[in-house]
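What follows is one structure encoded as structure tokens, with my remarks underneath.
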Amino acid sequence: MNNKHNRRDFLKLGSVALAAGATGLGASAAVAAVAGAGESAAVSSGTKADLPKAKGPRLVVVGGGTSGLTIAKYAKKEYPKFDVVLVEKRDMYASCFSSNLWYAGLVNLEFLADHSFLDAAVNNNYIYFNATVTGLDRTGRKLITNKGEIDYDYLVVAPGIDYDYEKIGVKDPETMTAVRQTWPGGFTQSTEHVTIHRKVREFEGGLFLQSVPSGNYRCLPAPYERACMIAAVIKKNKLKGKVLILDANPEITIKAPGFHAAFDELYKGIIEWRPSSPITGVDAAKKQVHTDVDSISFDEAAIYPNVRGAVLIEQLGLMADSSHSNQKEAYIDTRFNNFIGDERVYVTGDSRNQPYSKSANTSNTEGHNVAKVLAARAQGKDPAWVAPETICYSMVNADPMEAISVDAGYDYDPEKDLITGFSKATKVYNERSAARGVATLEWARGIYRDVFKA
């Protein structure tokens, strides 16, 4: 496979004012955030979180997405002496992966959301703590939350991504808020999926705009899959409408032959794909997006801006500088995911700075590997490195269900200490089939089982 879509440049440390404003931290916490690049990024009232006394080395995992759930479960399995606490600010789970299928009626909301943080914790012998992280003291090994501080022996931060609207020319808060609330990208919060589902269900015709950002965005094939699912609804309902894909990239970023075939053979006249067409601005009042060459009016939209590492990474002082990431991701070891200079703190999932696919299966397989790293280091052993794997299915037809897929590994260059891209063993299955359509659902069920069941 061509590796041009897997390379990553690295990013610039954001301002303390942004970090403080985004969380509501005060000035003293903002000062501490600067120190976080070295030792500490928090101030605390000294109140302890209401948790049982640790019965072994305490591993605290921040974030209940695929990465955090995997590590909470499997670190305990790899080293039963771990006392594991999963800190998650949500009280309800719903997956981002497979949400496109809901828009076309191939799964229901229960498929995405009938999964419990409480059940995962009970099934796998760890603690689910519903709280919001507000700071980190790496010197004292304390995680600060809105419900008190938690002492840790090892810490994993897996907060996912945030959007970077400035990279699509949206810089003023008024427009940013309008775009975020009215035409959500659909790759962060569960509530975005509910809004997009309503938009698709109520669409009566006209132009439905779907944008694709540049960079290593979350789930490379997902915007194209979504376009197919929306087009399938337009086709089924015999609407006078089309889906316009404004793609910032010169080519479809993955599984290109399979998606091109679907566009041409299943949705000719319904899907229009425009390459090398990044959004450069949005006029919310006029319902227009701007590109380098024109302005486009739309009736409905899912505007997917560029992504960055979660703002929490910046707030906790774990963000890399511009020589290591241009997407404000974490400053971590290439193979073992620990923060550089601190083998007690790890960042996993889509805030990592390695050029892995930001996808559920990648986070799941990476989580298995990081669990082994944590278990080894807790026992004073040298960890072994195993590359994550990216198995990804994309539904391109709704009736009958047909999908395409990829099974990707990654290569590591020890001399340069770099992940160089997809491995030569990577396989892409661009011929859509009903068997892969069924496998798409089983793939999702497999991840749910792996992180929520015993």
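The values are calculated or read from the model by the stated rules, or taken from the named source; none is laboratory data. Nothing here was measured: the structure is a model prediction, and the numbers come from that model. Cβ coordinates were reconstructed from backbone atoms using ideal geometry, including for glycine residues, and neighbour counts include every protein chain displayed.
The residue of the range 398-428 that is farthest from residue 236 (Cα to Cα), among those that are surrounded by 15 or more Cβ atoms within 10 Å (Cβ to Cβ) and in contact with a helix residue (DSSP H, G or I) (Cβ under 7 Å, 6 or more places away or on another chain), is 405.
A single member of 108, 130, 123 is more than 21 Å from the chain's Cα centre (by Cα), in the same structural domain as residue 49 (by TED's automatic domain parsing) and farther than 20 Å from residue 222 by Cβ, and it is 123.
Taking only the range 393-427 into account, find how many residues are of a type in the set (Gly, Ala, Ser) and under 21 Å from the mean Cα position of the chain (by Cα).
Applying the first criterion (of a type in the set (Gly, Ala, Ser)) to the range 393-427 yields 394, 398, 403, 405, 408-409, 421, 423, 425.
Filter again for under 21 Å from the mean Cα position of the chain (by Cα), leaving 394, 405, 408-409, 421.
Count: 5.
For first residues located in the range 179-208 and polar (S, T, N, Q), partners that are buried (at least 16 other Cβ atoms within 10 Å of the Cβ) and lie 6+ apart or on another chain with Cβ distances below 6 Å form the pairs 190/94; 195/184.
Name the residue that is nearest to residue 155 (Cα to Cα), counting only residues in the range 335-351 that are in a strand (DSSP E or B) and of a type in the set (Val, Ile, Thr). It would help to see each step written out before you state the result.
Residues of the range 335-351 that are in a strand (DSSP E or B), as a first pass: 338-339, 342-347.
Right, trim to of a type in the set (Val, Ile, Thr) and you get 345, 347.
Working: 345: 5, 347: 9 Å.
That would be 345.
Name the residue, out of 321, 292, that is modelled with pLDDT under 95, more than 17 Å from residue 217 (Cβ to Cβ) and part of a loop (DSSP other than H, G, I, E, B). Lay out the reasoning, then the answer.
Working: 292 fails: modelled with pLDDT under 95.
Selected residue: 321, the only one of 321, 292 that is modelled with pLDDT under 95, more than 17 Å from residue 217 (Cβ to Cβ) and part of a loop (DSSP other than H, G, I, E, B).
Surrounded by fewer than 23 Cβ atoms within 10 Å (Cβ to Cβ), in contact with a helix residue (DSSP H, G or I) (Cβ under 9 Å, 6 or more places away or on another chain) and modelled with pLDDT of 95 or more: is that true of residue 284 in this structure? It is true that residue 284 is surrounded by fewer than 23 Cβ atoms within 10 Å (Cβ to Cβ), in contact with a helix residue (DSSP H, G or I) (Cβ under 9 Å, 6 or more places away or on another chain) and modelled with pLDDT of 95 or more.
What about residue 245, is it in a loop (DSSP other than H, G, I, E, B), under 19 Å from residue 219 (Cβ atoms), among the hydrophobic types (A, V, I, L, M, F, W, C) and assigned by TED's automatic domain parsing to the domain that holds residue 202?
Numbers: in a loop (DSSP other than H, G, I, E, B): no; under 19 Å from residue 219 (Cβ atoms): yes; among the hydrophobic types (A, V, I, L, M, F, W, C): yes; assigned by TED's automatic domain parsing to the domain that holds residue 202: yes.
Criteria not met by residue 245.
Annotation note: of 407, 417, 411, the sole residue that is out of contact with any strand residue (DSSP E or B) (no Cβ under 6 Å at 6 or more places or on another chain), at pLDDT 95 or above, within 22 Å of residue 354 (Cβ to Cβ) and not aliphatic (A, V, I, L, M) is 417. Checked against (1) surrounded by 21 or more Cβ atoms within 10 Å (Cβ to Cβ); (2) not in a helix (DSSP H, G or I); (3) not charged (D, E, K, R), residue 380 passes all but condition (1).
Identify, from the list 298, 259, 263, the residue that is in the same structural domain as residue 230 (by TED's automatic domain parsing), of a type outside the set (Lys, Arg) and crowded, with 24+ Cβ neighbours inside 10 Å.
After ruling out the rest, the residue left standing is 259.
Quick one: residue 386 ticks every box in (1) in the same structural domain as residue 350 (by TED's automatic domain parsing); (2) more than 17 Å from residue 444 (Cα to Cα) except a single one, so which number is it? Residue 386 satisfies every listed condition except (1).
Only residues that are within 24 Å of the chain's Cα centre (by Cα) and acidic (Asp, Glu) were counted across the range 428-444, and they come to 1.
Residues in the range 222-229 include none that are assigned to a strand (DSSP E or B) and crowded, with 23+ Cβ neighbours inside 10 Å.
Checked against (1) in contact (Cβ under 8 Å) with a residue 40 or more places away in the chain; (2) buried (at least 24 other Cβ atoms within 10 Å of the Cβ), residue 388 passes all but a single condition, namely (1).
Exactly one residue out of 107, 85 is among the β-branched types (Val, Ile, Thr), in contact (Cβ under 8 Å) with a residue 24 or more places away in the chain and part of a strand (DSSP E or B), and it is 85. Entry remark, the range 390-413: residues being in a loop (DSSP other than H, G, I, E, B) and within 21 Å of residue 252 (Cα to Cα) number 1 in total. Against the conditions (1) out of contact with any helix residue (DSSP H, G or I) (no Cβ under 8 Å at 6 or more places or on another chain); (2) under 30 Å from residue 128 (Cβ atoms), residue 356 satisfies every one except (1).
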